[in-house]
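Enquirer: Would you mind keeping the following structure in view while I ask a few things?
The values are calculated or read from the model by the stated rules, or taken from the named source; none is laboratory data. Since the model is a prediction, treat every value here as computed from it, not as a measurement. We place every Cβ from the backbone using ideal geometry, glycine too, and count neighbours over all the protein chains shown.
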Amino acid sequence: MSKAIIILGMHRSGTSMLTRICNLLGLELGSPLIPAQSDNEGGFWEHWDVVRLHDELLSAIDRCWSSITPFPEGWVENQAVAPIRQKLAQLIDKQFADVPMWAVKDPRMCRTIPFWQPLLTERSIEPHVILTCRHPFEVSRSLHVRNGFSLNESLILWLLHTLEAERDTRGMKRAFVYYPDLLNDWKATMRIVSEQMDIKWPKKSEEISSEVAQFLKPEMRHHAVEVVKGEGKIQELALEVHNLMVKATKTKEIDQGRLDAINYILLEILKPFSDILNNKDILLKQASDNAHQMAENARQIAENAHHSIEELNKQIIINNDASNNVINNIYASTSWKITRPIRGIIHFAQNFSGVLRSKTTNNTRESKN
């Protein structure tokens, strides 16, 4: 049975780093991957088409990656998402059908994992989930720098991603990872992950140590905070969920009843603002759609340019070969062989003429002197 290692975690939570380590440990990620950018110079390690399909999925239900509202009731079976389900199924079949163990990562999957479950089940692919947690205030600071989000907006987004990812993966084999633990001792962290999920990495940690050392260092932990008490209900809920997740990294057990209660409280807090949030979602969706289209256009232009260069190189080679063939044919022709003595006489005459011109020039210079 094929195994899919699904790496879940809120944006800016260290999932890129974790995914790269999984990749070095022998897990396939498919291709093409999203290239590194200024806000993530180490690379995202996300499958471009998976992210694109997730954006299409969110757009189909009037949401985007930064929506701070619950998904609509029955969204998984919504007819609007049926074509996207078919595309995702084709992607899985094409990229991972014969791969014994592979990984996929996209923070959007924290909220879209129910869309994947039936597709994996139909293909006898066993999901193994790594739930990644970073302090919500650190995530908030990072999102403020990158996206300009407010503290509470980021915390609500963090809560939705974390709570839904935990809820929708119950019953699956899974492990919990805390971002500082990964930075401080990645080998021990990955050993615990393999034990909790009952898997064996294709490669040993010792085999990849030098490569990991090039991109993973404790000082990479930006926006570090030590907040023990929040101000306001949203901050209190985020800190409580954070503490429960950190505890789970050691015990593998988590208080699901309390998490469900927190999720209910959060939705009740958001309910009076549903109209405002829905309108914001529509605007964000439009902006996300435009950005996605621009990215897709840029990608297409890059691909076309690459193909054009390849075709040009082929034509140069073909033309060069054709030119060589023409020249070789000329050299091998009877007329070329017959005229060889004449060409020799012409060549001699040209050289002799050059010598005469040279002597004449020298005599003229001497007479002037």
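Enquirer: Failed condition for K271, given (1) outside any helix (DSSP H, G or I); (2) modelled with pLDDT under 95, with all others met?
Expert: For K271, the exception is condition (1).
Enquirer: Exactly one of these conditions fails for V129: (1) in contact with a strand residue (DSSP E or B) (Cβ under 7 Å, 6 or more places away or on another chain); (2) free of Cβ contacts under 8 Å to residues at least 12 places away in the same chain; (3) not small (G, A, S). Give me its number.
Expert: The failed condition is (2).
Enquirer: Considering each residue of the range 123-139, count those that are at positive phi and crowded, with 22+ Cβ neighbours inside 10 Å, and give that number.
Expert: 0
Enquirer: Check the range 58-67 and report whether any residue there is among the hydroxyl-bearing types (S, T, Y), farther than 28 Å from K200 by Cα and surrounded by fewer than 21 Cβ atoms within 10 Å (Cβ to Cβ).
Expert: Yes, because at least one residue in the range 58-67 is among the hydroxyl-bearing types (S, T, Y), farther than 28 Å from K200 by Cα and surrounded by fewer than 21 Cβ atoms within 10 Å (Cβ to Cβ).
Enquirer: Can you find a residue in the range 86-103 that is surrounded by fewer than 18 Cβ atoms within 10 Å (Cβ to Cβ), among the β-branched types (V, I, T) and touching a strand residue (DSSP E or B) at 6+ places or on another chain (Cβ under 9 Å)?
Expert: Yes - at least one qualifying residue is present in the range 86-103.
Enquirer: Now a separate question. Just name the residue that is surrounded by the fewest Cβ atoms within 10 Å (Cβ to Cβ) out of those in the range 140-183 that are under 23 Å from the mean Cα position of the chain (by Cα) and of a type in the set (G, A, S).
Expert: G148
Enquirer: Test of understanding: among M10, M17, which residue is part of a helix (DSSP H, G or I) and either aliphatic (A, V, I, L, M) or at pLDDT below 95 (or both)?
Expert: When all the criteria are applied, what remains is M17.
Enquirer: Further, regarding this structure: Tell me whether the range 76-84 contains one or more residues that are touching a residue at least 24 places away in the same chain (Cβ under 8 Å), over 25 Å from L216 (Cβ atoms), under 12 Å from the mean Cα position of the chain (by Cα) and surrounded by 17 or more Cβ atoms within 10 Å (Cβ to Cβ).
Expert: Scanning the range 76-84 turns up no residue that is touching a residue at least 24 places away in the same chain (Cβ under 8 Å), over 25 Å from L216 (Cβ atoms), under 12 Å from the mean Cα position of the chain (by Cα) and surrounded by 17 or more Cβ atoms within 10 Å (Cβ to Cβ).
Enquirer: Residues of the range 72-112 being touching a helix residue (DSSP H, G or I) at 6+ places or on another chain (Cβ under 6 Å) and among the aromatic types (F, W, Y), which ones?
Expert: W102 - this is the single residue of the range 72-112 that is touching a helix residue (DSSP H, G or I) at 6+ places or on another chain (Cβ under 6 Å) and among the aromatic types (F, W, Y).
Enquirer: Restricting attention to the range 28-42, does a residue exist that is over 16 Å from the mean Cα position of the chain (by Cα) and either modelled with pLDDT of 95 or more or over 25 Å from A188 (Cβ atoms) (or both)?
Expert: No, the range 28-42 contains no residue that is over 16 Å from the mean Cα position of the chain (by Cα) and either modelled with pLDDT of 95 or more or over 25 Å from A188 (Cβ atoms) (or both).
Enquirer: State whether the residues of the range 32-55 include one that is touching a helix residue (DSSP H, G or I) at 6+ places or on another chain (Cβ under 8 Å), assigned to a helix (DSSP H, G or I) and closer than 27 Å to N152 by Cβ.
Expert: There is at least one residue in the range 32-55 that is touching a helix residue (DSSP H, G or I) at 6+ places or on another chain (Cβ under 8 Å), assigned to a helix (DSSP H, G or I) and closer than 27 Å to N152 by Cβ.
Enquirer: Spot the failing condition for K3; the list is (1) in contact with a helix residue (DSSP H, G or I) (Cβ under 8 Å, 6 or more places away or on another chain); (2) in a strand (DSSP E or B), and only one is missed.
Expert: So the condition that K3 fails would be (1).
Enquirer: Residues in the range 116-155 that are part of a helix (DSSP H, G or I), in contact with a helix residue (DSSP H, G or I) (Cβ under 6 Å, 6 or more places away or on another chain) and not polar (S, T, N, Q): how many?
Expert: Selection size over the range 116-155: 6.
Enquirer: Can you say whether L163 is in a helix (DSSP H, G or I), under 22 Å from T112 (Cα atoms) and in contact (Cβ under 8 Å) with a residue 24 or more places away in the chain, as far as the supplied structure shows?
Expert: Yes: the conditions hold for L163.
Enquirer: Same structure again: Residue check: is G26 part of a loop (DSSP other than H, G, I, E, B) and under 24 Å from E122 (Cβ atoms)?
Expert: No, not satisfied.
Enquirer: A further question on this structure: Within the set of pairs 6 or more residues apart or between chains, which connect a residue that is over 17 Å from G74 (Cβ atoms) and at pLDDT 95 or above inside the range 105-119 to a residue that is assigned to a helix (DSSP H, G or I) and among the small types (G, A, S) with Cβ atoms less than 6 Å apart?
Expert: C110/A165; L119/A89
Enquirer: Determine whether the range 198-217 contains at least one residue that is surrounded by 22 or more Cβ atoms within 10 Å (Cβ to Cβ) and without any contact (Cβ under 8 Å) to a residue 60 or more places away in the chain.
Expert: Within the range 198-217, not a single residue is surrounded by 22 or more Cβ atoms within 10 Å (Cβ to Cβ) and without any contact (Cβ under 8 Å) to a residue 60 or more places away in the chain.
Enquirer: Contact list please: Cβ distance under 6 Å, first residue in the range 242-268 and of a type in the set (D, E, K, R), second residue surrounded by 14 or more Cβ atoms within 10 Å (Cβ to Cβ) and in a helix (DSSP H, G or I), pairs at least six apart or on different chains.
Expert: Taking only residues 6 or more apart or on different chains, the pairs are K252/Q196; D255/L244.
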